[in-house]
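Chemist: Let me begin by handing over the structure; questions about it come next.
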Amino acid sequence: MNHEANHSPRVLAIDLRPQQFGYAVFEGDERLLDWGAAYYRPGGSAGAVIAGRRVAELLRVFAPTEIVVRQVRRDVTRNSFGVRPILKVIRRNASAASIPVSLIGRNEVREAFRIFRAKNKYEIACRLAAIYRELLWWLPPERKFYESEHPRMTIFDAVATGFTYWRRKAAESSPPD
Amino acid sequence: MTITEVANYLRSHRRKSGLSQRELAHIVGYVTQAPVSEHERSVTIPALLIALSYEVVFRVPLSELFPALYGAVEANIEEQLTRIENELQQSTAKGRRAAYIARKLEWLWERRNPDAV
């Protein structure tokens with residue numbers, strides 16, 4: 001029996017929030033290896049330490065070839081200040097492991113899901129659950145206008161970020177019309 | 001860009017199954033979830049019976065569950081077999097002993113060329 005090594009690139013996609021981050025590890029665009037969320041107190045260095053530990057563990061276990069982070073909207077000051085130390089820690093960990101970090105903007109994610117006619121986060125999450133069936137039972141209920149966002153939504157945002165990364169890669173490698 | 005192999009796909013298969021570490025630990029015969037967590041993070045290597053249990057639970061061969069470990073073992077064994085083959089080829093034995101050596105060399109060749117047999 002000959003062992004065939006899997007040489008598909010692995011990508012760690014991260015969705016940063018002031019109190020938590022969602023992550024998803026992809027092997028190629030079709031295989032989802034791991035997903036989840038890490039929670040920490042907003043502000044201060046404790047959150048950065050917890051996030052740093054979790055990211056370091058993910059880098060050690062899955063040895064990704066690239067990290068993609070959802071770009072935080074600069075106009076939302078609370079988010080921007082809250083995630084800055086966490087992003088710094090991720091960059092430091094990535095740099096120590098010689099892993100490139102790239103950012104993916106909100107508009108690029110929306111653009112990637114336009115062909116699926118997914119207009120909002122919930123529709124994007126539903127589409128992702130249809131693509132990656134293992135996420136189906138993680139899909140939170142649809143948010144009512146008076147409810148705050150479900151904590152699990154950050155996982156779907158991370159998966160959407162990773163999905164958008166693969167669409168970007170596919171677009172780069174396909175010949176122009 | 002070098003792509004290193006994932007040490008193991010245990011966590012990935014467990015997450016897909018929806019089982020918790022505690023549930024998987026109970027299935028394979030552990031009392032606590034700690035050993036499963038250690039296996040997933042490649043902190044420790046599972047014992048043979050536990051490794052076989054993982055294979056049975058997920059219906060995935062051990063070589064696919066632990067690709068890095070399997071790759072390391074495979075590389076080491078292939079190196080040892082090449083060394084033995086070279087020693088056998090240089091042997092000057094005669095008679096019955098030569099027949100044994102011929103059989104071993106034949107087996108080593110068959111092993112390398114399974115389609116040719």
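Chemist: Could you size up the charge dipole of segment B:71-116 around its Cα centre, putting +1 on the beta carbon of Lys and Arg and -1 on that of Asp and Glu, and report it in debye to the nearest 20?
Modeler: Computed about the Cα centre, the dipole is about 440 debye.
Chemist: Which value, to two decimals, describes the C-alpha radius of gyration of segment B:10-65 once divided by 2.2 N^0.38 Å?
Modeler: Taking N as the residue count of segment B:10-65, the ratio is 0.98.
Chemist: Write down the Å³ per residue value for the convex hull defined by the alpha carbon atoms of the protein assembly as shown.
Modeler: Measuring per residue, one finds 199 Å³ for the Cα hull of the protein assembly as shown.
Chemist: Please state the shape class of chain B: rounded when a/c is under 1.5, otherwise prolate if a/b exceeds b/c and oblate if not, all from the C-alpha gyration tensor.
Modeler: In terms of gyration-tensor shape, prolate.
Chemist: Please report the net charge: other residues with Cβ closer than 12 Å to the Cβ of B:H39, K and R +1, D and E -1.
Modeler: Result for the neighbourhood of B:H39: +1.
Chemist: Another one. Highest mean first, what order results for A:60-72, A:98-110 on Cβ atoms within 10 Å?
Modeler: A:60-72, A:98-110
Chemist: Moving on. For A:32-41, what's the mean count of beta carbons from other chains sitting within 10 Å of each residue's beta carbon?
Modeler: Mean shielding count: 2.
Chemist: Give the residue from B:S37, B:N113, B:A7 lying farthest towards the positive end of the charge dipole for chain B; charges sit on Cβ (+1 for Lys and Arg, -1 for Asp and Glu) and the dipole is referred to the Cα centre.
Modeler: B:N113
Chemist: Loop only by DSSP, 15 or fewer other Cβ within 10 Å of the Cβ. Give me the trypsin sites (Lys or Arg not before Pro) in segment B:21-98 that pass, ordered by residue number.
Modeler: Those satisfying the criteria are B:R41, B:R59, B:K94.
Chemist: Hey, another quick one. Give me the angle, in degrees from 0 to 90, between the Cα long axis of helix B:48-58 and the longest principal axis of the Cα atoms of chain B, rounded to the nearest 10.
Modeler: Result, in degrees: 60.
Chemist: Let me ask something else about it. Would you tally the net charge around A:K169, using a Cβ to Cβ cut-off of less than 11 Å, leaving A:K169 out, and scoring K and R as +1, D and E as -1?
Modeler: -1
Chemist: Next up: Quick check: from the Cα gyration tensor, does segment A:10-163 come out rounded (a/c under 1.5), prolate or oblate?
Modeler: Since a/c reaches 1.5 but b/c is at least a/b, the shape of segment A:10-163 is classed as oblate.
Chemist: Mind grabbing the base-10 log of I(q)/I(0) for segment B:71-116 at q = 0.20, 0.26, 0.28 Å⁻¹? Debye formula, identical points on the C-alpha positions, no solvent, two decimal places.
Modeler: The computed values of log10 I(q)/I(0) come out as -0.70, -0.96, -1.02.
Chemist: Shifting gears a bit: Any idea how far the Cα center of segment A:101-177 sits from the one of segment B:1-54, in Å?
Modeler: 29 Å
Chemist: If amide hydrogens are placed 1.01 Å from N in the peptide plane, which non-local residues have theirs closer than 5 Å to the one on A:L103?
Modeler: A:V69
Chemist: Excluding same-chain residues fewer than 8 positions from B:K94, which lysines have a Cα within less than 21 Å of its Cα?
Modeler: B:K104
Chemist: Just to verify a number: FRET efficiency for A:S98 and B:I45, C-beta to C-beta distance, R0 = 22 Å, to 0.05?
Modeler: 0.25
Chemist: What residue among B:V60, A:Y122, A:V101 has its Cα farthest toward the positive end of the dipole of the protein assembly as shown, where the charges are +1 on Lys, Arg and -1 on Asp, Glu, each on the Cβ?
Modeler: A:Y122
Any read-out appearing in this document is the output of simple, stated calculations on the displayed coordinates, not a laboratory observation. Everything quoted here is computed from the prediction, not taken from an experiment. Neighbour counts run over all protein chains shown; Cβ positions are idealised from the backbone, glycine included.
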